[in-house]
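Okay, so here's the structure we're looking at.
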Amino acid sequence: MGDLLSPVHLLLLFLIILLLFGGRKIPEAMRGLGEGIRSFREGMSGNSAVATATPPASPAQAPAPSGITAKQGSASQIVLNWNTSPGASSYNVKRSGTSGGPYTQIASTAATNFTDSGLATGTKYFYVVSSYNAGGESSDSAEVSGTPS
């Protein structure tokens, strides 16, 4: 009884498998077992014949918004409008006190307009807008300026 792989034990194991799977299922089960072992060995050695999926391409960035305008709104407001940028999910509105920047993002919106309020009257403000989507943020639009009164 000391050896688990004695001929008697192997015969009993074979009979149990035969009873569980039936005579016709044994070759099919052994073929599946062989394929599984072969696939495991190939995977461990790095010689896998399984094709690996190429990651999907990143979505393209939306172009920068065009047609941006800045108009004086009511007291201490500047109203910005721009054209829809194809593929954009939102727009980042940026402002500076000097032409050419540096710009600070003051809003993110899905709309194609924004009203900047609470501004100092008589001060000139400079604006750019960028579009944003899953591909990232676009470059800035052309700069526009406005002076609230």
TODO: Quickly run through the stretch 90-104 and pick out the residues that are polar (S, T, N, Q) and surrounded by 12 or more Cβ atoms within 10 Å (Cβ to Cβ).
DONE: Ser90, Asn92, Ser96
- [ ] Check Tyr91, Tyr103 and return the single one that is under 15 Å from Asp140 (Cα atoms) and over 22 Å from the mean Cα position of the chain (by Cα).
- [x] Tyr103
Open item on the list: Which numbered condition in (1) over 20 Å from Gln72 (Cβ atoms); (2) assigned to a strand (DSSP E or B) is the only one that Gly87 fails?
Closed with: (2)
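Here is a yes/no grid of residues against (1) outside any loop (DSSP other than H, G, I, E, B); (2) touching a strand residue (DSSP E or B) at 6+ places or on another chain (Cβ under 7 Å):
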position	(1), (2)
Glu42	yes, no
Ile78	yes, yes
Asn83	no, no
Thr121	no, no
Val129	yes, yes
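Values in this text are rule-based calculations from the coordinates and carry no lab data. If you're wondering where the values come from, they're calculated on a predicted model, not measured in any experiment. Neighbour counts run over all protein chains shown; Cβ positions are idealised from the backbone, glycine included.
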